[in-house]
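Here's the structure, in structure tokens; my notes come after.
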Amino acid sequence: MRQLRYFEAVAEELHFGKAAERLHIQQPPLSRQIQRLEEELGTQLFNRNNRKVELTDAGKYFLGEAKEILKNDSRARTTLQAMGEGTAGKLHVSFVYLTLSSAFPDIVGDFMKKFPQVDIVLHDETSLQQITNLIDGTRHVGFLTLNITDIQDLSHVIVQRTFSCAAIPASHDLAKKEVLTLQDLSTIPYICSREAYSQRRVEKVQKKFKEAGLKLKLGMQFQRKHTETIFVAAGMGWTFVDCGSEHIMPEGVVLKQIETESAPLEVAMVWSPDRVTPLVENFLTFYKEHIRV
């Protein structure tokens with residue numbers, strides 16, 4: 001790289017003395033480095049005589065290549081320095097659907113604006129999938145439902161607390177009520193996915209209904225995540241959603257409080273304490289500074 005910088009200076013000045021002055025070195029070592037470069041390349045880069053210095057055709061071609069190499073070197077050094085400072089690089093962040101009703105999208109967007117050299121890759125995953133991926137290192141930071149997950153030896157901080165509401169069709173008679181009872185909800189089908197998390201929730205809901213002397217009416221079950229509210233809007237039943245998610249509900253869905261006491265759902269930002277790079281540390285710090293729980 002030093003030889004390339006020396007070559008660039010001589011090629012632009014077309015004078016060894018001026019190039020040496022520009023580089024803050026003596027002329028003899030500059031001449032030796034250019035000669036060594038020509039020997040290594042196996043071609044003459046300059047025509048020299050007592051009156052002037054000129055680039056050969058090979059020298060003219062090589063000047064363009066040298067400038068590109070020097071530019072890439074400078075960019076690589078800048079990027080590596082930024083990565084060391086945690087202001088550049090790739091960050092894999094996973095999340096559960098529940099976080100979309102929180103400040104998560106805005107905070108991530110603000111982080112990307114502040115650190116434009118950071119490439120954030122988002123992964124929509126279940127809480128259990130996130131635990132596995134955080135442990136094996138394929139994810140840097142996860143946002144998962146704390147209530148249903150054993151986070152093992154991972155570090156965490158709670159970033160969201162919310163209660164569950166019932167999402168029901170806006171056209172249903174129950175939409176006229178302010179608060180729904182389990183008796184109300186037992187009259188229409190319960191919609192959910194077939195994922196393991198949803199199935200565990202079904203068991204809990206069935207138990208709650210049974211304790212109240214009621215039976216949960218199971219409706220449509222599907223494989224794909226996050227489609228419950230689409231079918232609710234179509235009038236096919238009801239489902240649980242975060243009470244703060246009105247702004248992401250499709251048209252035709254209303255949210256109603258449920259007249260039963262329940263613990264709030266807690267979403268935690270989770271990471272491996274053994275894999276905290278400067279970039280991960282910057283993201284964690286930024287997120288903690290912008291949350292309100």
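The values are calculated or read from the model by the stated rules, or taken from the named source; none is laboratory data. None of these values were measured; they are calculated from a predicted model. No Cβ is skipped: glycine too gets one built from the backbone with ideal geometry, and neighbour counts run over all protein chains shown. With ligands, DNA and RNA removed, areas are computed over all heavy atoms of the protein, side chains included. Shrake-Rupley method; radii C 1.70, N 1.55, O 1.52, S 1.80 Å.
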Can you spot a residue in region 160-170 that is open to solvent by 40 Å² or more (accessible area, probe 1.4 Å), touching a residue at least 12 places away in the same chain (Cβ under 8 Å), more than 30 Å from residue 187 (Cβ to Cβ) and not in a strand (DSSP E or B)? no
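With the condition kept exactly as written, say whether any residue in region 187-200 is open to solvent by 30 Å² or more (accessible area, probe 1.4 Å) and either under 30 Å from residue 83 (Cβ atoms) or among the basic types (Lys, Arg) (or both). Lay out the reasoning, then the answer.
Narrowing region 187-200 to residues open to solvent by 30 Å² or more (accessible area, probe 1.4 Å): 187, 189, 194-197, 199-200.
Subsequent filtering for residues that are either under 30 Å from residue 83 (Cβ atoms) or among the basic types (Lys, Arg) (or both) retains 194, 200.
Looking through region 187-200, at least one residue is open to solvent by 30 Å² or more (accessible area, probe 1.4 Å) and either under 30 Å from residue 83 (Cβ atoms) or among the basic types (Lys, Arg) (or both).
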Search result, residues across region 225-248 that are open to solvent by 30 Å² or more (accessible area, probe 1.4 Å) and in contact with a strand residue (DSSP E or B) (Cβ under 7 Å, 6 or more places away or on another chain): 225, 228, 231, 233, 235, 236, 240, 243, 244, 246
Please go through region 18-58 and pick out each residue that is under 13 Å from residue 6 (Cβ atoms), open to solvent by less than 70 Å² (accessible area, probe 1.4 Å) and outside any strand (DSSP E or B). 19, 20, 23, 25, 29, 30, 31, 33, 34, 37, 38, 45
Region 249-289 - residue that is of a type in the set (Lys, Arg) and closer than 28 Å to residue 164 by Cα and, of those, most open to solvent (accessible area, probe 1.4 Å): 288
Let me confirm something: among 101, 94, 127, which residue is within 14 Å of the chain's Cα centre (by Cα) and buried (at least 18 other Cβ atoms within 10 Å of the Cβ)? 94
Residues within region 133-151 that are among the polar types (S, T, N, Q) and within 17 Å of residue 276 (Cα to Cα), tallied: 2
